2 protein chains.
Amino acid sequence: AKPTTPPGYRLGDPTLARSPVTLDELDLLRGTLLMGDDDLVHLRLAGEVVRDQIEDILDVWYGFVGANPHLVRYFSNLSDGKPNAEYLARVRARFGQWIVDTTNARYDQAWLDYQHEVGLRHRKPGKNATDGVASVPHIPLRYVLAFVMPLSATMTPFLAKKGHPPETVAKMRDAWTKAVLLTAILWSEPYVKDGEF
Amino acid sequence: AKPTTPPGYRLGDPTLARSPVTLDELDLLRGTLLMGDDDLVHLRLAGEVVRDQIEDILDVWYGFVGANPHLVRYFSNLSDGKPNAEYLARVRARFGQWIVDTTNARYDQAWLDYQHEVGLRHRKPGKNATDGVASVPHIPLRYVLAFVMPLSATMTPFLAKKGHPPETVAKMRDAWTKAVLLTAILWSEPYVKDGEF
Ligand code: HEM
Ligand code: HEM
């Protein structure tokens with residue numbers, strides 16, 4: 001059964017703004033990342049392997065964010081500085097969907113346009129709008145880029161859980177790291193000075 | 001014997017501009033990257049393992065850049081669009097030194113200040129100045145960030161060459177990937193809009 005779409009999730013919404021990045025630029029970027037057909041095969045395989053482990057993966061990632069005051073503050077209320085449980089829960093649902101979408105990514109216009117939207121949601125003034133919260137308005141780009149490592153390194157044990165040989169696990173891990181870095185790079189576009197992205 | 005310093009290399013030069021990133025911010029960034037003491041141990045080990053393989057590694061990286069017109073153009077002459085061999089050679093010498101420095105990084109103020117300088121050298125107006133060349137003036141940030149993957153993925157066979165067990169090679173590779181991503185993140189600072197880094 002198809003799960004319900006999380007509130008605020010808009011992949012495939014034709015009214016989204018168009019990404020300033022073209023499909024040709026995306027191709028060159030994937031080439032620069034050494035993302036080839038073999039990576040796509042292993043990314044799809046990673047998707048199958050983690051499908052029933054999404055909540056466990058999110059527990060690890062949310063645990064990491066929760067343990068780091070310099071990160072969890074971006075989920076906190078401006079009023080009392082405490083983590084906003086509803087905000088965390090709503091984003092978590094979209095985050096789970098993102099794992100599935102990232103392993104399935106077709107790198108088409110709809111996917112590209114949603115990357116642009118999610119980049120905008122990490123910074124001023126897009127952050128907080130989707131969930132109608134009064135939280136810290138802007139996440140620094142350096143943390144968005146650095147977060148590629150925890151999202152990638154913590155994936156290895158989950159990728160290894162279904163008995164694939166170590167070489168296959170390593171290939172899934174590499175494909176996943178490339179896919180996450182590609183995402184973070186695209187999200188950085190609105191942060192960057194005009195003409196410098 | 002200490003090798004001669006490559007022309008234009010300035011790590012440790014006290015007249016360099018100070019990085020806008022503080023040492024405290026650097027610490028939080030390393031924490032966000034999950035870069036711990038165990039990574040430092042494996043980064044140093046990686047340094048020992050690759051020390052006598054630097055030219056072979058540079059051959060692979062320069063081969064990749066040379067094979068990609070959308071990358072090699074940043075080493076080309078504005079006048080005739082052809083790769084500038086002298087520019088490539090001078091940068092290659094500093095690139096080799098950078099591998100050694102990255103595995104040895106002490107993450108102190110001198111290191112931080114040089115990261116700021118090298119970031120400026122990848123964009124307008126710092127690019128080309130060190131070597132006095134008339135080349136394309138600016139490298140887009142998306143390629144600088146994406147280049148983390150080739151610089152990291154191609155390292156694995158070199159790290160494996162001295163007979164370390166696969167787990168140790170994997171740990172060296174992870175530590176190296178974090179170190180390169182940290183570098184690229186710091187280099188992105190001048191590209192980013194005021195207050196958004
Ligand atoms: C590679 C880096 C990152 C990835 C892949 C990632 C992933 C995601 C995803 C999938 C969403 C939901 C997107 C949607 O609305 O559909 C999201 C939103 C969010 N993320 Fe991130 N994230 C990253 C970095 C960070 C960092 C460093 C923080 C800081 C704690 C952070 C905090 C948030 C917040 C607060 C939201 C909600 C934004 C809003 O108000 O809509 N993210 N992230
Ligand atoms: C993770 C990404 C990258 C790393 C680690 C890296 C590494 C380096 C290093 C170590 C240097 C010499 C620094 C010094 O002057 O001491 C350099 C310079 C240079 N790199 Fe990169 N690089 C990256 C991305 C790129 C990309 C994508 C290009 C595009 C082809 C590029 C082209 C150049 C050029 C043209 C120079 C000379 C700049 C000048 O005029 O001074 N780099 N790079």
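The values are calculated or read from the model by the stated rules, or taken from the named source; none is laboratory data. Nothing here was measured: the structure is a model prediction, and the numbers come from that model. FYI the Cβ positions are ideal-geometry reconstructions off the backbone, even for glycines, and counts take in every protein chain you see. For the accessible areas, the whole protein counts, side chains as well, though only heavy atoms, and no ligand, DNA or RNA atoms are used. Shrake-Rupley method; radii C 1.70, N 1.55, O 1.52, S 1.80 Å.
The per residue volume of the convex hull around the alpha-carbon atoms of region A:60-99 is 66 Å³. What the Cβ-Cβ distance of residue A:56 and residue B:59 gives, at R0 = 41 Å and to the nearest 0.05, is a FRET efficiency of 0.45.
GNM on chain B, alpha-carbon springs under 10 angstrom: the most fluctuating residue among B:61, B:187, B:176 is B:61. For the pair residue B:27 and residue B:154 in one chain, pulling the backbone fully straight at 0.36 nm per residue adds 43.0 nm over the alpha carbon distance. In whole percents, the pair-distance distribution calculated for region A:12-80 from its alpha-carbon pairs, binned every 5 Å from zero, is 3, 11, 10, 11, 12, 21, 22, 7, 3, 1. Relative contact order, whole percent, for chain B stands at 32, derived from Cα pairs under 8 Å and 6 or more residues apart. Extending 7 Å from Cα along the Cβ direction at residue B:193 and again at residue A:85 yields two label points whose distance is 3.5 nm. Shown for chain A are the DSSP H helices of 27 Å or more along their axis, judged by Cα atoms, with a mean Kyte-Doolittle hydropathy of at least 0.0: A:166-187. Database remark: amide H of residue B:76 closer than 5 angstrom to the amide H of B:84, B:136 (H placed geometrically; neighbours at sequence offset of 5 or more, or on other chains; Pro and chain starts carry no H).
Summarised as an ellipsoid, region A:12-171 has semi-axes of 28, 22, 14 Å, derived from the eigenvalues of the Cα gyration tensor scaled by 5 and square-rooted, with the largest first.
Under 5 Å from the amide H of residue A:155 lies no amide H of any residue 5 or more positions distant or on a separate chain, with H modelled from the backbone and absent for Pro and chain starts. Taking every Cα-Cα distance in region B:6-50 and sorting them into 10 Å bins starting at zero, the pair-distance distribution P(r) comes out as 21, 30, 42, 7 percent. Amide hydrogen proximity for residue A:192: with H placed 1.01 Å from N in the peptide plane, the residues at 5 or more positions away or on another chain lying under 5 Å are B:193.
Working note: Cα gyration tensor of region A:120-197, eigenvalues times five, square-rooted, sorted largest first, giving semi-axes of 31, 16, 9 Å.
Accessible surface area normalised per residue over the protein assembly as shown is 44 Å², counting heavy atoms of protein chains with a 1.4 Å rolling probe.
The per residue volume of the convex hull around the alpha-carbon atoms of the protein assembly as shown is 149 Å³.
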